[in-house]
Amino acid sequence: LGDHTFFELPNGIRVIVVENHKLPVVNVQVRFDIPPVMQGDKVGYIDMVGDLLSAGTTTRTKAQLDEEVDRIGASLFASSDGLYASGLKKNLPALLDLVEDVITRPAFPASEFDKLKTRYASSIMQRADDPDSIAEAVGRAVTFSKAHPYGEVMTEKTLRNVQLQHVQGYYRRFFKPDECYLVFV
């Protein structure tokens, strides 16, 4: 990491700060230490976590989140194990407010979940005609085996089994402060 500061907050969040003053930009990562999880007949719900984290909170709609991110000239991307945000140093308080809201108060709107399932179903159908996608799916299954989380491949059948409660359950189980790293660069 080079020169960095490390400390732990009272709630268990581990914070790492790496300073580089060449540019007036701050990158923030919120990462949760999540082991590989077998999804079984519900492959796809873990991928949905990231998409739905940034689809609105209990205090902001998706449109409001997007508007606020754009207003401060920032970027914000969520994934199944956390979130990445970047913006100008002068806008760090506003950016951190958005990061906190997305990580601690996701709404997981049912309407966005339904749209996401439709998008995923479409991408599964397109995968059948895309050599790169086919090779990636086969490569994962061969490299890791279907008995390992990295070898699981989402299909139309597994996607049909995914319910919003699976996404919410994953979030509740793994997005905990004592499993979190907060990294500032």
- May I ask you to list the residues in segment 1-35 that are surrounded by fewer than 16 Cβ atoms within 10 Å (Cβ to Cβ), in a strand (DSSP E or B) and in contact (Cβ under 8 Å) with a residue 12 or more places away in the chain? T5, V15, V17, V25, N27
- Message: Could you check segment 95-121 and list, in sequence order, the residues that are open to solvent by less than 40 Å² (accessible area, probe 1.4 Å), of a type outside the set (V, I, T) and assigned to a helix (DSSP H, G or I)?
- Response: L95, L98, D101, E112, F113, L116, Y120, A121
- Item | Those residues of segment 36-71 which are open to solvent by 70 Å² or more (accessible area, probe 1.4 Å), hydroxyl-bearing (S, T, Y) and under 19 Å from R172 (Cα atoms), in sequence order | T58, T59
- Any residue in segment 152-162 that is buried (at least 18 other Cβ atoms within 10 Å of the Cβ) and part of a helix (DSSP H, G or I)? yes
- Query: Among all residue pairs at least 6 apart or on different chains, which show Cβ distances below 7 Å where the first residue, located in segment 56-82, is within 18 Å of L116 (Cα to Cα) and aromatic (F, W, Y) and the second is open to solvent by 30 Å² or more (accessible area, probe 1.4 Å) and part of a strand (DSSP E or B)?
  - Reply: F77/Y84
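The values are calculated or read from the model by the stated rules, or taken from the named source; none is laboratory data. Note that the structure is a prediction, hence the values are computed from the model and not measured. Here Cβ is always computed from backbone atoms with ideal geometry, including for glycine, and neighbour counts include all displayed protein chains. Ligands, DNA and RNA are stripped out before the accessible areas are found, and what is left, the full protein with its side chains, is counted by its heavy atoms. Shrake-Rupley method; radii C 1.70, N 1.55, O 1.52, S 1.80 Å.
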